[in-house]
Amino acid sequence: MIEQTTSAAADTQNVSRRRFLGYAGALAGAGLLAGSLASCKKKDDPWEGSVDLGSGDNGLLNIVFIITQLQAAFYAQVLLTPYIGMNAQEAKLITDMRNHEIAKRELLRKVLSGAAVADISPDFTGIDFAKRTAALDTAKQLEDLSVSNHNGIANMLGSAAYVVLNAKMASVEARHSAAIRDMSVMGSFADASMTADNGLDFIRDPQGVLSLANAYMKDRFNPSNLSKS
Amino acid sequence: MNFSSILSEIERIDPEIYERTSPRRTLIKNWTRKASLVALPFAIGSLFNKAYGKTNNAVSDTLQAALIFELLEVSLYGKAIQATKVNPPAAQLIPSTTGMEYQAIEMIWNQEQAHVNFLASILRQMGVTPNLQQNFDLTGGSGSGSGQFAQVLTDYGTFLAVAQMLEDTGVRAYKGQMASLQEDHDILASAMRIHSMEARHAAHIRMMRSQTPGPLADGQDIRPWITLKQSGINSGATQSAYDGEENTSQMNIEVVNIAGFDIPDVSASQAFDEPLDMTAALSVINPFLAP
């Protein structure tokens, strides 16, 4: 599995940019196909063609599972096709973050067991991985999204063990966000808007999280059963 | 009898129930429409637990303890800013008053002050007087002024090491209270949002420390996340803040090399932060409290 590779430099030499662009093109083609199929659907069910997240705690953990899949895939790609000027310290921290996301993803897959949604199809077309600002901006958006999701689902979870597990992951995502933000602009580890908002971090509900996550994947998920336990 | 009529029955007998469970009234009303039959026993159980089981004292005690952590951090950063502003350049604690290090400490200080104000306002809403009168000994000397970190306001590396330990411990302390706040939806959400801010602070202080060798540097490679139970601080006084962080098993599932992926123990421990219970968290900061 490519994600296991720890040497970003070795990967760059092995995987040509052309091959990556080919991969991206295939994804774009799949998107067009999915789009044309979607246009045939009936109008009365807004969730037709979307995947049910499930209800209660499983549905909420599935959102974490989806965001984590996105992040693991994103960092794997960043390490496969490093942005120009990535230094050794940055490569080390991004490798750490990729490993954390894989660990999280696989743990959630086991915890969810039969209730886990299928693997998603990330869509990173339009992101120029060669550009440092593009790569770090996307990483920042995904990490901030992840933090806001963990903060948003905490009081919806029923199981106390999941409340703790969710918090264990939330603070590591916040550490990631701070690290990525500092790589991008040193000192931007937290947002000025957070200072103004009682020093509180971002929070989003599942619908808000999914609507932002949609930009990075082909899949569409249906959160309408989450409120059922 | 359906759930709606059970609720109206309780409301008739005990008109205060919505106030006692407030601010979850809207949520309760929503449940009566949305909840499946299977969910009802659990929903009713947790509602009663909140209203009649757990007292508000437990929650306000938690918030008072959180307030001590926030006040300690406010004191540390406020004194550090002072020890930078009032001194001539050669004696400034933080390298300069115009650099990004100073701006970062100022931003963290502002956010910790916001946390103090926010926690105090929640306590007042609960009818509890926030305890804002706490004396601190930033050297960790319990009031002697000559603790393990006697140079905390004169040596930049020592200051950052103390800041790192307090931020990391703050993250662990909040995390340790999340399950007990579960029935208080608004407070849990706010605690989570403060908790992840503390993690952002910890990560940035760690970035600053990785670039700042000092007497407390122990040669460890300091990263924004916690590796095993390494403090990265050359002082035995800080180890209890990190004990337990080496855990690599979550929900009774081993994370090292999970599902055949190459995940070493270092990564497995970093990927999840570990909670500290209130007693352990308070014992970490106890040397910093003064009579």
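Annotations
- Evaluation of B:W225 against the conditions (1) away from chain A (no Cβ under 11 Å); (2) touching a residue at least 40 places away in the same chain (Cβ under 8 Å); (3) not charged (D, E, K, R) shows that the sole unmet condition is (1).
- B:T238 satisfies every condition listed in (1) in contact (Cβ under 8 Å) with a residue 60 or more places away in the chain; (2) within 10 Å of chain A (Cβ to nearest Cβ); (3) under 18 Å from the mean Cα position of the chain (by Cα) except (2).
- Considering residues of region B:241-282 that are under 21 Å from A:K110 (Cβ atoms) and among the aromatic types (F, W, Y) only, the residue surrounded by the most Cβ atoms within 10 Å (Cβ to Cβ): B:F272
- Scope region A:165-182; condition more than 7 Å from chain B (Cβ to nearest Cβ) and touching a Pro at 6+ places or on another chain (Cβ under 9 Å); matching residues: A:H176
- Matching entry among A:S193, A:S171 (being surrounded by fewer than 19 Cβ atoms within 10 Å (Cβ to Cβ), assigned to a helix (DSSP H, G or I) and not hydrophobic (A, V, I, L, M, F, W, C)): A:S193
- Failed criterion for B:S235 (all others in (1) crowded, with 16+ Cβ neighbours inside 10 Å; (2) modelled with pLDDT of 95 or more hold): (2)
- Residues in region A:138-164 that are closer than 19 Å to A:A103 by Cβ, at the interface with chain B (Cβ under 9 Å from one of its Cβ atoms) and in contact (Cβ under 8 Å) with a residue 24 or more places away in the chain: A:V147, A:H150, A:Y162.
- Checked against the criterion of being on the phi < 0 side of the Ramachandran plot, touching a strand residue (DSSP E or B) at 6+ places or on another chain (Cβ under 6 Å) and at pLDDT 95 or above, region A:99-111 contains one or more residues that satisfy it.
- Hey, A:G208 assigned to a loop (DSSP other than H, G, I, E, B) and either of a type outside the set (A, V, I, L, M, F, W, C) or crowded, with 19+ Cβ neighbours inside 10 Å (or both) or not: no
- Checking each residue in region A:183-203 for being facing another protein chain (nearest Cβ under 7 Å) and without any contact (Cβ under 8 Å) to a residue 24 or more places away in the chain picks out A:M186, A:G187, A:F189, A:A190, A:M194, A:T195, A:N198, A:G199, A:L200.
- Residue match in region B:133-156 (condition: closer than 26 Å to A:N155 by Cα and either in contact with a strand residue (DSSP E or B) (Cβ under 6 Å, 6 or more places away or on another chain) or in contact (Cβ under 8 Å) with a residue 24 or more places away in the chain (or both)): no
- Selected residue (only one of B:I187, B:I194, B:I205, B:I285 is assigned to a helix (DSSP H, G or I), in contact with a His (Cβ under 7 Å, 6 or more places away or on another chain) and either surrounded by fewer than 17 Cβ atoms within 10 Å (Cβ to Cβ) or not acidic (D, E) (or both)): B:I194
- Flag if B:S4 is within 14 Å of chain A (Cβ to nearest Cβ) and at pLDDT below 95: no
- Entry remark, region B:109-157: residues being small (G, A, S), crowded, with 20+ Cβ neighbours inside 10 Å and away from chain A (no Cβ under 14 Å) number 1 in total.
- Region B:170-181: number of residues that are surrounded by fewer than 23 Cβ atoms within 10 Å (Cβ to Cβ) and within 8 Å of chain A (Cβ to nearest Cβ): 1
- The residues listed here are B:S196, B:S267, B:S210; of these, the one that is outside the structural domain of B:A104 (by TED's automatic domain parsing) and among the hydroxyl-bearing types (S, T, Y) is B:S267.
- Scope region A:86-104; condition of a type in the set (S, T, N, Q), without any contact (Cβ under 8 Å) to a residue 40 or more places away in the chain and more than 8 Å from every other protein chain (Cβ to nearest Cβ); matching residues: A:N87, A:Q89
- Filter result (surrounded by fewer than 20 Cβ atoms within 10 Å (Cβ to Cβ), within 13 Å of chain B (Cβ to nearest Cβ) and free of Cβ contacts under 8 Å to residues at least 40 places away in the same chain) within region A:105-137: A:K110, A:S113
- Residue satisfying condition, being part of a loop (DSSP other than H, G, I, E, B) and in contact (Cβ under 8 Å) with a residue 24 or more places away in the chain, within set B:L93, B:L63, B:L71, B:L119: B:L93
- The set of residues in region B:241-269 that are more than 14 Å from chain A (Cβ to nearest Cβ) and out of contact with any Ser or Thr (no Cβ under 6 Å at 6 or more places or on another chain) contains only B:D243.
The values are calculated or read from the model by the stated rules, or taken from the named source; none is laboratory data. Given the structure is predicted, the values throughout are model-derived calculations rather than measurements. All Cβ positions, even for glycine, are placed from backbone atoms using ideal geometry, and neighbour counts span all protein chains on display.
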